[in-house]
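The values are calculated or read from the model by the stated rules, or taken from the named source; none is laboratory data. The model shown is predicted, which means the values in this text are computed figures rather than measured ones. Neighbour counts are summed over all protein chains in view; Cβ atoms, including those assigned to glycine, are modelled from backbone coordinates with ideal geometry. Surface areas here come from the heavy atoms of the whole protein model, side chains and all, with no ligands, DNA or RNA. Shrake-Rupley method; radii C 1.70, N 1.55, O 1.52, S 1.80 Å.
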Amino acid sequence: MNTLKAEKRGMDTKAKRLRREGDETGIVFGKRIEGSIPVKIEKTALDRLLKTSGKGSRIQLDVDGEAMDVLIKEIDIDHLKNEVAEIDFQALVSGEMIHSVAEIILLNHDKVAEGIVEQHLSEISYRALPSALVERVEVDVAEMKAGDAVKVKDLPIASDRNVHLMTDPEAVVVSVGLAHNAPAEEPSAEEETATAEA
């Protein structure tokens with residue numbers, strides 16, 4: 001499990017100033033935490049973590065030396081600056097069901113010979129105990145052809161007894177549609193002659 005260091009921060013220091021100093025802001029909340037704990041995290045450490053962990057990932061958060069088992073609940077991205085604006089962590093409690101999401105990753109996208117691959121869902125919403133959390137669901141599309149579709153109920157997460165799906169099992173995750181820009185058939189020489197004579 002990945003570990004990330006954080007420090008409690010006072011609300012008197014503006015987030016903008018912290019970012020200038022190379023830190024990102026976040027909060028930690030949970031059933032056993034009164035209110036929430038505002039934290040600051042070194043930007044380079046957070047960027048490094050987010051290369052392998054994302055929304056729905058379980059990590060170890062070290063807050064001023066106190067290790068906390070947390071879930072990355074939300075990542076608020078500032079798309080103009082392409083950086084994290086805020087990150088929320090939910091402290092996990094053993095035996096308590098929590099709501100999370102699993103990211104959908106398509107594999108072998110480039111091996112689909114016919115049709116266009118369309119991804120309809122980017123994540124699956126579910127409830128589970130901390131011990132049964134699922135970070136990502138991989139879908140191999142290599143054998144798919146035009147007209148094929150994979151639904152949520154077709155994925156391994158749907159048959160996991162420890163996971164209670166919140167996303168509709170009938171929802172389409174990925175499908176392969178016909179290519180719309182297929183070249184039109186060239187008219188035959190006879191058709192061209194008939195058109196010219198008309």
Check your understanding: Which of the residues that make up the stretch 50-82 are free of Cβ contacts under 8 Å to residues at least 24 places away in the same chain and more than 17 Å from P38 (Cα to Cα)?
Key -> K51, I77, D78, H79, L80, K81, N82
Revision key, fill the gap. Output for Cβ contacts, cut-off 7 Å, separation at least six or different chains, first residue more than 18 Å from L4 (Cα to Cα) in the stretch 18-39, second open to solvent by 60 Å² or more (accessible area, probe 1.4 Å) and part of a loop (DSSP other than H, G, I, E, B), reads none
Check your understanding: Which pairs do you get when a residue that is in contact (Cβ under 8 Å) with a residue 40 or more places away in the chain and among the hydrophobic types (A, V, I, L, M, F, W, C), found in the stretch 123-141, comes within reach of a residue that is open to solvent by 30 Å² or more (accessible area, probe 1.4 Å) and not in a helix (DSSP H, G or I), reach meaning Cβ atoms under 6 angstrom, with the pair 6+ apart or on two chains?
Key -> L133/R58
**Study point:** Unique match (being assigned to a strand (DSSP E or B), open to solvent by 10 Å² or more (accessible area, probe 1.4 Å) and touching an Asp or Glu at 6+ places or on another chain (Cβ under 8 Å)) among D76, D69
**Key:** D76
Check your understanding: Has the stretch 79-90 got at least one residue that is touching a helix residue (DSSP H, G or I) at 6+ places or on another chain (Cβ under 7 Å), farther than 26 Å from A128 by Cβ and buried (at least 19 other Cβ atoms within 10 Å of the Cβ)?
Key -> no
Exercise for review: Exactly one condition in (1) of a type outside the set (S, T, Y); (2) over 21 Å from T52 (Cβ atoms); (3) out of contact with any helix residue (DSSP H, G or I) (no Cβ under 8 Å at 6 or more places or on another chain) is not met by A142; state its number.
Suggested key: (3)
Practice item. Report yes if V150 is out of contact with any helix residue (DSSP H, G or I) (no Cβ under 6 Å at 6 or more places or on another chain), among the β-branched types (V, I, T) and more than 24 Å from P169 (Cβ to Cβ), otherwise no. Key: no
Revision key, fill the gap. Wholly inside the stretch 100-192, strands (runs of 3 or more DSSP E) that include 3 or more residues that are among the aromatic types (F, W, Y), open to solvent by less than 50 Å² (accessible area, probe 1.4 Å) and at pLDDT below 95 are none
Revision key, fill the gap. The lone condition G95 fails out of (1) within 24 Å of T52 (Cα to Cα); (2) assigned to a loop (DSSP other than H, G, I, E, B); (3) of a type outside the set (D, E) is (1)
Practice item. Find the residue count for the stretch 18-48, including only residues that are open to solvent by 10 Å² or more (accessible area, probe 1.4 Å) and part of a helix (DSSP H, G or I). Key: 7
Check your understanding: Any idea which of K16, K55 is in contact with a strand residue (DSSP E or B) (Cβ under 8 Å, 6 or more places away or on another chain) and either among the basic types (K, R) or modelled with pLDDT of 95 or more (or both)?
Key -> K55
Check your understanding: Just to be sure, is G54 open to solvent by less than 60 Å² (accessible area, probe 1.4 Å), out of contact with any helix residue (DSSP H, G or I) (no Cβ under 9 Å at 6 or more places or on another chain) and more than 24 Å from A171 (Cα to Cα)?
Key -> no
